[in-house]
Protein chains: 2
Amino acid sequence: MAKLTSRTQDFSEWYLDVIREADLADYAPVRGCIVVKPYGWSLYENMRDFLDRRFKDTGHSNAAFPMFIPMSFLNREAQHVKGFSPELAVVTVGGGEQLEEPLAVRPTSETIIGYMYAQWVKSYRDLPVLINAWNSVVRWEKRTRPFLRTTEFFWQEGHTAHATHEESSEEVMRMLDVYAAHARDECAVPVIKGRKSISERFAGADSTYSIEAMMGDKKALQSATSHDLGQNFARAFDIKYLDRDNTEKLCWTTSWGMSWRMLGAVIMVHGDDQGLRLPPRIAPIQAVIVPIYKNESERTAVMQAADSIFTTLKSNGIRVKLDDRDETPGFKFNDWELRGVPVRVEIGPRDVANGTVALGRRDVPGKAGKSFVPQAGLAERITTLFEEIQSGLLQQATNFRDANIREVSTYAELKEAVEDGFALAPVADDPAVDAQIKEETKATNRCFPLEQVPGEWKCIVTGKPVRERALFGKAY
Amino acid sequence: MAKLTSRTQDFSEWYLDVIREADLADYAPVRGCIVVKPYGWSLYENMRDFLDRRFKDTGHSNAAFPMFIPMSFLNREAQHVKGFSPELAVVTVGGGEQLEEPLAVRPTSETIIGYMYAQWVKSYRDLPVLINAWNSVVRWEKRTRPFLRTTEFFWQEGHTAHATHEESSEEVMRMLDVYAAHARDECAVPVIKGRKSISERFAGADSTYSIEAMMGDKKALQSATSHDLGQNFARAFDIKYLDRDNTEKLCWTTSWGMSWRMLGAVIMVHGDDQGLRLPPRIAPIQAVIVPIYKNESERTAVMQAADSIFTTLKSNGIRVKLDDRDETPGFKFNDWELRGVPVRVEIGPRDVANGTVALGRRDVPGKAGKSFVPQAGLAERITTLFEEIQSGLLQQATNFRDANIREVSTYAELKEAVEDGFALAPVADDPAVDAQIKEETKATNRCFPLEQVPGEWKCIVTGKPVRERALFGKAY
């Protein structure tokens with residue numbers, strides 16, 4: 001497709017080209033904001049529904065909180081306001097009048113939710129509170145990029161309150177696992193779970209955990225975070241409960257979020273020079289039927305067969321589209337490749353005569369991905385193919401990532417490694433170390449992976465003995 | 001329940017009591033805003049999912065647009081800005097700096113969506129554009145009331161663009177029908193479809209249609225609107241297409257919306273002095289199992305049977321809850337009545353011995369609603385019961401409404417009728433007439449119903465001959 005820049009030539013341009021040409025999103029006439037078009041939003045809805053199911057299966061309920069937060073609320077937690085106040089959008093006028101207290105458009109909702117939890121939680125019987133909200137938040141970003149960093153972005157934010165730190169810690173890890181499972185099993189994106197270094201923690205958290213993925217240009221994308229907020233917000237908002245022993249205690253809270261960045265990850269992990277390659281579980285259209293004919297009499301027979309295949313696939317729960325546009329097959333092939341539809345069903349006059357179709361796989365280009373199969377049993381065959389494509393995409397992404405992580409033991413090795421992938425390097429969890437490496441290599445400390453080979457190393461910067469290694473990479 | 005004011009004593013207090021006690025929503029610490037709690041949000045999600053299905057079945061797709069609208073956009077359509085500018089919340093500061101152009105938080109999105117459609121629509125091949133968005137909007141209201149009128153409220157807004165007025169008019173009516181069907185078939189709320197009078201039109205529309213419902217206090221609630229925007233927004237935003245005849249033409253656009261007001265309607269149409277009564281199709285919990293026992297040995301046997309019933313009902317797709325709290329059965333009965341759960345399943349030691357349960361219907365109070373049935377075939381029996389309750393609630397509401405609409409032919413009759421219901425009165429579609437009646441009776445022109453008995457009357461105010469009658473009532 002001439003429309004797309006090639007990935008090797010300019011990955012960043014390729015990304016923008018794919019978003020535009022595959023009709024995922026468009027720029028809005030508001031600084032740093034995008035409009036998500038129907039095809040992109042349908043993909044987001046599919047991802048959202050899977051994640052929402054996982055939240056509900058782990059005992060969470062959805063609720064809705066206001067988009068406005070009184071400025072005084074943000075000021076109650078010192079680290080929090082420090083982190084977020086430079087990025088706020090502020091409403092100063094309402095109903096034609098200057099507001100006495102300006103309202104921030106939420107950059108995240110710990111404060112207003114903390115305030116509500118303080119009203120709702122009275123006794124140990126009220127705990128845990130396990131609530132999630134799907135919404136959009138606003139952070140005034142200097143440099144924006146569709147899905148990855150926008151002024152307004154859609155996400156979900158979970159907020160929970162617990163009686164003990166043991167329970168809240170379990171929750172933090174449970175939700176990190178939920179995110180990792182969603183990324184792996186539904187988005188076919190392998191991720192590394194880890195603890196954020198001190199310098200990369202959420203503003204107001206005692207510790208932050210994240211999942212980190214490698215994009216097609218070997219850069220890192222933080223794809224979700226889960227925060228242990230300790231008692232910081234409980235203290236700031238007075239979230240207390242009367243325990244069984246009749247004494248009043250502060251709650252322990254958590255928060256966790258995944259945004260439409262994950263959609264950006266799906267684009268950048270799987271896409272190729274022909275466009276998107278979507279995992280079948282989340283693809284808005286899982287299979288497209290392209291009828292092939294030369295004249296009107298061929299057309300009639302082919303369309304009849306195509307209609308019948310469409311009905312069969314649809315009734316088997318496949319999200320299928322019959323492309324009956326007045327365009328050439330070549331145009332249609334390119335168009336659906338661009339949009340990443342996992343399976344293409346081609347049917348021509350010979351297929352009609354033979355009771356066959358040609359199947360094309362988006363994940364395996366050209367002839368290697370093509371097979372000729374009977375129309376009988378097609379739905380089952382395609383459903384099986386979806387599973388193969390789903391796991392094939394995950395395998396490709398995992399191989400690519402693993403081939404591009406280097407274990408290093410010196411600063412020189414790290415410098416070289418992060419030019420073309422991730423480095424796993426022993427370092428102290430020290431903001432000064434993170435800062436120096438970032439300054440000198442442009443790579444950041446992505447996380448200390450939870451899975452560590454036990455051992456003792458020397459910090460590549462300070463030379464001090466350390467027991468953990470961190471993942472470094474250039475990041476979005 | 002002592003917790004609730006009785007409906008006859010003070011309907012308005014009763015409404016607030018139910019919302020609080022049934023855990024639907026709470027007041028937010030932001031002027032005129034509410035927090036929707038998990039039980040309330042689950043109800044809203046169920047309603048939303050049904051409506052969303054109906055939108056998709058009529059060919060619409062969802063998309064997402066920014067919450068911010070440049071002030072200059074609102075100014076482009078003269079009537080629109082006149083209607084909305086007094087109610088705007090305005091962001092004047094972003095990222096610590098005064099914005100050059102302030103941003104309105106969307107009160108509705110015709111303008112920014114119009115701007116986008118102008119980019120997307122080039123040719124007749126691009127039409128129609130059929131898009132919906134689920135979001136929240138902000139209007140700075142003076143007097144607020146949970147779900148009925150809040151500063152921020154959740155809704156959906158559909159926006160479509162068409163080649164001809166014939167097609168856009170069809171769309172306006174199609175969506176009005178979708179709303180009426182959703183209200184009737186899922187919310188069990190009978191509605192009257194009608195055309196809004198000139199004075200009640202949406203700001204910027206050529207004509208507005210609405211569905212109107214009667215609440216339990218005989219007041220009206222406008223439950224959804226569908227607008228024929230003519231070419232007003234197409235002209236303001238330059239939404240043009242190249243037609244088959246190679247000439248450039250302006251599009252015809254529509255917009256239509258239903259908000260969480262409909263949830264308020266469900267509360268006010270069906271609720272009684274014991275609390276909510278929820279239609280089974282949208283109830284977050286459709287059936288609750290209450291185990292009854294006196295001692296530990298009874299408890300063991302009863303809980304075992306209750307667990308097994310729970311599993312059976314759940315596997316039959318019923319949204320069921322087993323209430324195993326350490327509370328008395330009486331407490332639990334009241335609690336689930338308050339929350340409007342349609343069916344109660346009671347099981348005690350004698351039921352365990354006999355293989356029976358007692359079923360209670362929320363829509364039929366006391367003994368009349370109670371039946372003793374075998375455990376065998378319970379899921380099917382309850383599923384049938386849901387259908388009976390669903391249609392029973394609709395029937396009750398329809399009877400109540402129809403008994404409280406009076407056909408009038410003089411102003412004096414109207415004055416009397418609107419003190420205790422709706423009046424159907426012949427009037428001219430004249431803002432002066434609407435204004436006088438509102439001023440003198442507090443009743444407003446709800447709509448000119450689409451279903452009219454053909455005839456000729458005299459306007460009850462001006463005496464001029466008219467061919468339509470309008471529905472008047474005091475309204476929320």
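The values are calculated or read from the model by the stated rules, or taken from the named source; none is laboratory data. Remember, predicted model here, so these are calculated numbers, not experimental data. Cβ: placed from backbone, ideal geometry, glycine included. Neighbour counts: every protein chain shown.
Okay, here's what the table says:
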quantity: Hey, B:LYS415 at pLDDT below 95 and among the charged types (D, E, K, R) or not; calculated: no
quantity: Which numbered condition A:PRO107 fails, given (1) assigned to a strand (DSSP E or B); (2) under 30 Å from B:PHE84 (Cβ atoms); (3) more than 10 Å from chain B (Cβ to nearest Cβ); calculated: (1)
quantity: Filter result for B:GLY59 (in the same structural domain as B:GLU170 (by TED's automatic domain parsing) and either in contact with a helix residue (DSSP H, G or I) (Cβ under 9 Å, 6 or more places away or on another chain) or polar (S, T, N, Q) (or both)); calculated: no
quantity: Residue within segment A:18-26 that is at pLDDT below 95 and among the small types (Gly, Ala, Ser) present; calculated: no
quantity: Residue match in segment A:34-46 (condition: of a type in the set (Val, Ile, Thr), farther than 30 Å from A:GLN286 by Cα and at pLDDT 95 or above); calculated: no
quantity: B:GLU97 acidic (Asp, Glu) and within 11 Å of chain A (Cβ to nearest Cβ); calculated: yes
quantity: Residue tally, condition out of contact with any Ser or Thr (no Cβ under 9 Å at 6 or more places or on another chain), without any contact (Cβ under 8 Å) to a residue 60 or more places away in the chain, surrounded by 15 or more Cβ atoms within 10 Å (Cβ to Cβ) and not β-branched (Val, Ile, Thr), over segment A:437-455; calculated: 1
quantity: 1 or more residues out of contact with any Leu (no Cβ under 9 Å at 6 or more places or on another chain): qualifying strands (runs of 3 or more DSSP E) within segment A:20-70; calculated: A:25-27, A:34-36
quantity: Test: residue in segment B:73-84 that is crowded, with 19+ Cβ neighbours inside 10 Å, among the acidic types (Asp, Glu) and either more than 24 Å from the chain's Cα centre (by Cα) or assigned to a loop (DSSP other than H, G, I, E, B) (or both); calculated: yes
quantity: Tabulated pairs, segment A:5-18, first over 20 Å from A:ALA475 (Cβ atoms) and assigned by TED's automatic domain parsing to the domain that holds A:ARG145, second surrounded by fewer than 19 Cβ atoms within 10 Å (Cβ to Cβ) and hydroxyl-bearing (Ser, Thr, Tyr), C-beta under 7 angstrom, 6+ apart or interchain; calculated: A:ASP17/A:THR5
quantity: All helices (runs of 4 or more DSSP H) inside segment B:285-403 with 1 or more residues being touching a strand residue (DSSP E or B) at 6+ places or on another chain (Cβ under 6 Å), touching a residue at least 60 places away in the same chain (Cβ under 8 Å) and buried (at least 20 other Cβ atoms within 10 Å of the Cβ); calculated: B:296-315, B:329-338, B:378-403
quantity: Test set (1) in contact (Cβ under 8 Å) with a residue 40 or more places away in the chain; (2) surrounded by fewer than 21 Cβ atoms within 10 Å (Cβ to Cβ); (3) within 16 Å of the chain's Cα centre (by Cα) - B:ASP243 fails condition number; calculated: (3)
quantity: Any chance A:ASP402 is under 30 Å from A:GLY463 (Cα atoms) and of a type outside the set (A, V, I, L, M, F, W, C); calculated: yes
quantity: Which listed residue, of B:LEU99, B:LEU103, is crowded, with 24+ Cβ neighbours inside 10 Å and over 26 Å from the mean Cα position of the chain (by Cα); calculated: B:LEU103
quantity: Test: residue in segment B:433-450 that is in a loop (DSSP other than H, G, I, E, B), more than 14 Å from B:SER197 (Cβ to Cβ) and of a type in the set (Val, Ile, Thr); calculated: no
quantity: Verdict on B:ARG143 being farther than 21 Å from B:GLN231 by Cβ, modelled with pLDDT under 95 and more than 11 Å from chain A (Cβ to nearest Cβ); calculated: yes
quantity: Matching residues in segment A:4-33 - criterion: being within 12 Å of another protein chain (Cβ to nearest Cβ), farther than 27 Å from A:ASP185 by Cβ and among the aliphatic types (A, V, I, L, M); calculated: A:ALA28, A:VAL30
quantity: Checklist (1) in contact with a helix residue (DSSP H, G or I) (Cβ under 9 Å, 6 or more places away or on another chain); (2) of a type in the set (S, T, N, Q); (3) at the interface with chain B (Cβ under 7 Å from one of its Cβ atoms) applied to A:THR92, failing item; calculated: (1)
quantity: Number of the exception - B:ILE282 against (1) aliphatic (A, V, I, L, M); (2) surrounded by 20 or more Cβ atoms within 10 Å (Cβ to Cβ); (3) not in a loop (DSSP other than H, G, I, E, B); calculated: (3)
quantity: Matching entry among B:PRO66, B:PRO86, B:PRO70, B:PRO38 (being over 30 Å from A:GLY32 (Cβ atoms) and within 11 Å of chain A (Cβ to nearest Cβ)); calculated: B:PRO38
quantity: Restricting segment A:221-240 to residues that are in a loop (DSSP other than H, G, I, E, B) and either at negative phi or at pLDDT below 95 (or both), the residue that is nearest to the chain's Cα centre (by Cα); calculated: A:LEU229
quantity: Hits in segment A:112-127 (condition: more than 10 Å from chain B (Cβ to nearest Cβ) and assigned to a helix (DSSP H, G or I)); calculated: A:GLY114, A:TYR117, A:ALA118, A:TYR124, A:ASP126
quantity: Scope segment B:155-209; condition among the polar types (S, T, N, Q), buried (at least 18 other Cβ atoms within 10 Å of the Cβ) and either closer than 30 Å to B:ARG281 by Cβ or touching a His at 6+ places or on another chain (Cβ under 8 Å) (or both); matching residues; calculated: B:GLN156, B:THR160, B:SER168, B:THR208
quantity: Candidate set: segment B:256-279, residues that are part of a strand (DSSP E or B) and touching a Phe, Trp or Tyr at 6+ places or on another chain (Cβ under 8 Å); chosen: the one nearest to B:SER136 (Cα to Cα); calculated: B:SER259
quantity: Any hit, segment B:142-156, residues being among the charged types (D, E, K, R), assigned to a helix (DSSP H, G or I) and more than 19 Å from B:ASN232 (Cβ to Cβ); calculated: no
quantity: Members of segment B:45-63 found to be more than 8 Å from chain A (Cβ to nearest Cβ) and within 30 Å of B:ALA22 (Cβ to Cβ), listed by number; calculated: B:ASN46, B:MET47, B:ARG48, B:ASP49, B:PHE50, B:LEU51, B:ASP52, B:ARG53, B:ARG54, B:PHE55
